[in-house]
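Colleague: A single structure is presented below for examination.
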Amino acid sequence: MKTFSFMRISLWVYLAIFFAYLLGPLVIMSATAFNSPSFPRMTPWECLTFEWFSALFQDERILNGIWNSILVGAGTVVLSVAMGLAGALMLTQIWPKLRATYYTIIIAPILIPGVVIGISTLVFWDRINRMLGLGADSWLSNGLFLTIIGQSTFIASYCMLVLVARLQRYDIALTEAALDLGATHAQAFRKVLLPFMRPAIASAAVLAFLASFENYNTTTFTFGEYPTLTIELAQKVRYGITPAISALAFIIVILTVLAALFNEANIRRKQLVADARKKATVEELESGKLRLPGFLSSNVAAVALVVVACATVAVVGTATVYSPQQCIANVQEQKRLETELRIQELRQQRELRRQQQQEQQGEAPAQTAPSTGSGNNSGFGGVFAPNALSGEESGAEAEQPQDSGEGGSSGFGGAFDPTALSGDDGESGSSN
């Protein structure tokens, strides 16, 4: 019993960590779309705002990228699903000994890096354009055409895998029966095989559109004058991002959640209706009085869909009447006060350091006693004194008169006297 409880707790902990790792960044990025700072961040929280959604819908580059992504996605869906369906039909009808080789060739584009596919697509169609003698502005050099062709090269392989999985459950006897009843091959395909493949075709179309919408590696070499959303976002990240990108991420997440819940609710309702028909009596089926379950009855996905839709409507309604200007003004005023306080603290610290430096400079002369020529303990005497080379002498020597000639204390006598070479030399000598 304890082992079973430990396993259940471990499973729940693992699921919590897994979903936190998987959905945590999306939740955090979506939350930054409602914070007022100009750089996407969740903490510290400042003010609730919806202005980044308005900035998103006013950004022409983002809107143009979304439109180009939709055009490229639509073209990629048509081309990829068609090639994927053809490849799946060929795989089921080809000679069994060649199926492995054919399957490897079809799957090969998935294994090739998207950069290689983008460059090869650009070079190949440029050569075709030159061989046909068309100009640089022809449709073969159009960025929209090149992007659709380049993406369909590998996305068609994904579609083929989805369609093959569905086609393996198809009973070929249904087509043979239709042919025996007089239908042509085209009629058998359109009225028998195609309705059976419809769910797989829808799944492949959704997969192809999502793969095209988020593709960057191949598109970065082929987009030309039609930059997609991923190209625009990459350029914005390079030069600095704003929470408008977070607003776009939040919208994409909400649309994805609504679509997933709607699909799950629809599937659940079909199951409930089928169960109700199985339990119904013959009289109820013949009279048409069978009571079918409602859309919300015993349908958790439908309830969640309604809750998310109501929350979305409430957020949109709040955004139309809510104004964060007062909150933003208060936050800016608080930041200004904090900045001024920080400046004052820095000034006080600078003044304190200046006073400490002055005190240290004032204490340095007091610690060192002034030295005289007689009291100097150095072996060089007063040679390095500041006034050693000047004409002034300190102490008692300054009071004694300087005698010229032989009376000089220098060992050279009066040889360096200013009047030694003048004509008054004899007179001065006689007077002395």
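The values are calculated or read from the model by the stated rules, or taken from the named source; none is laboratory data. Owing to the predicted nature of the structure, the values given are computational and were not obtained by experimental measurement. Heads up, the Cβs are rebuilt from the backbone with ideal geometry, glycines too, and the neighbour counts pull from every protein chain shown. With ligands, DNA and RNA removed, areas are computed over all heavy atoms of the protein, side chains included. Shrake-Rupley method; radii C 1.70, N 1.55, O 1.52, S 1.80 Å.
Colleague: Give the residues of region 160-174 that are under 16 Å from residue 91 (Cβ atoms), part of a helix (DSSP H, G or I) and open to solvent by less than 70 Å² (accessible area, probe 1.4 Å), sorted by residue number.
Modeller: 160, 161, 162, 163, 164, 165, 166, 167
Colleague: Based on this model, can you work out whether residue 349 counts as more than 30 Å from residue 267 (Cα to Cα), surrounded by 10 or more Cβ atoms within 10 Å (Cβ to Cβ) and modelled with pLDDT of 90 or more?
Modeller: Considered against the rule, which asks whether it is more than 30 Å from residue 267 (Cα to Cα), surrounded by 10 or more Cβ atoms within 10 Å (Cβ to Cβ) and modelled with pLDDT of 90 or more, residue 349 comes out as yes.
Colleague: Mind telling me which of the residues 81, 123, 116 ends up being open to solvent by less than 50 Å² (accessible area, probe 1.4 Å), in a helix (DSSP H, G or I) and either in contact (Cβ under 8 Å) with a residue 60 or more places away in the chain or under 21 Å from residue 217 (Cα atoms) (or both)?
Modeller: On the way: 123 fails: open to solvent by less than 50 Å² (accessible area, probe 1.4 Å); 116 fails: open to solvent by less than 50 Å² (accessible area, probe 1.4 Å).
Every option except 81 fails the conditions.
Colleague: Restricting to region 3-50, name every residue that is aliphatic (A, V, I, L, M), outside any helix (DSSP H, G or I) and within 16 Å of the chain's Cα centre (by Cα).
Modeller: Residues satisfying the conditions are 33, 42.
Colleague: Counting only residues that are touching a residue at least 60 places away in the same chain (Cβ under 8 Å) and under 30 Å from residue 176 (Cα atoms), give me the helices (runs of 4 or more DSSP H) lying completely in region 191-247 with at least 1 of them.
Modeller: Counting at least 1 such residues, we get 194-213.
Colleague: Run down 157, 203 and say which single residue is of a type in the set (S, T, N, Q), at negative phi and open to solvent by less than 20 Å² (accessible area, probe 1.4 Å).
Modeller: Only one candidate passes the filter, namely 157.
Colleague: If you don't mind, there's one more thing I want to ask. Which condition number does residue 191 fail, the rest of (1) within 25 Å of the chain's Cα centre (by Cα); (2) farther than 15 Å from residue 76 by Cβ; (3) at pLDDT 90 or above being met?
Modeller: Among (1) within 25 Å of the chain's Cα centre (by Cα); (2) farther than 15 Å from residue 76 by Cβ; (3) at pLDDT 90 or above, the lone unmet condition for residue 191 is (1).
Colleague: Looking at 213, 221, 209, which is the one that is within 30 Å of residue 170 (Cα to Cα) and modelled with pLDDT of 90 or more?
Modeller: On the way: 213 fails: within 30 Å of residue 170 (Cα to Cα); 221 fails: within 30 Å of residue 170 (Cα to Cα).
After applying the criteria, what remains is 209.
Colleague: Moving to a separate point now. Before we move on, is residue 219 open to solvent by 40 Å² or more (accessible area, probe 1.4 Å) and hydroxyl-bearing (Ser, Thr, Tyr)?
Modeller: Here the answer is no, as residue 219 does not meet what is asked.
Colleague: Can you go through 86, 74 and tell me which one is assigned to a helix (DSSP H, G or I) and under 27 Å from the mean Cα position of the chain (by Cα)? Outline the logic, then answer.
Modeller: On the way: 86 fails: under 27 Å from the mean Cα position of the chain (by Cα).
One residue alone meets the criteria, 74.
Yes/no per residue for (1) β-branched (Val, Ile, Thr); (2) over 30 Å from residue 222 (Cα atoms); (3) open to solvent by 80 Å² or more (accessible area, probe 1.4 Å):
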site	(1), (2), (3)
18	no, yes, yes
21	no, yes, yes
30	no, yes, no
59	no, no, no
64	no, no, no
86	no, no, no
91	no, yes, no
95	no, yes, yes
99	no, yes, yes
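Colleague: Hey, any hits in region 180-187 for a residue that's part of a loop (DSSP other than H, G, I, E, B), surrounded by 14 or more Cβ atoms within 10 Å (Cβ to Cβ) and not polar (S, T, N, Q)?
Modeller: yes
Conditions tested, residue by residue: (1) in contact (Cβ under 8 Å) with a residue 60 or more places away in the chain; (2) touching a His at 6+ places or on another chain (Cβ under 8 Å); (3) closer than 30 Å to residue 334 by Cβ; (4) charged (D, E, K, R).
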site	(1), (2), (3), (4)
8	no, no, no, yes
14	no, no, no, no
19	no, no, no, no
23	no, no, no, no
26	yes, no, no, no
32	yes, no, yes, no
37	yes, no, yes, no
41	no, no, yes, yes
44	no, no, yes, no
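Colleague: Taking the condition of a type outside the set (Ser, Thr, Tyr), assigned to a loop (DSSP other than H, G, I, E, B), without any contact (Cβ under 8 Å) to a residue 60 or more places away in the chain and more than 25 Å from residue 215 (Cβ to Cβ), does residue 98 pass?
Modeller: no
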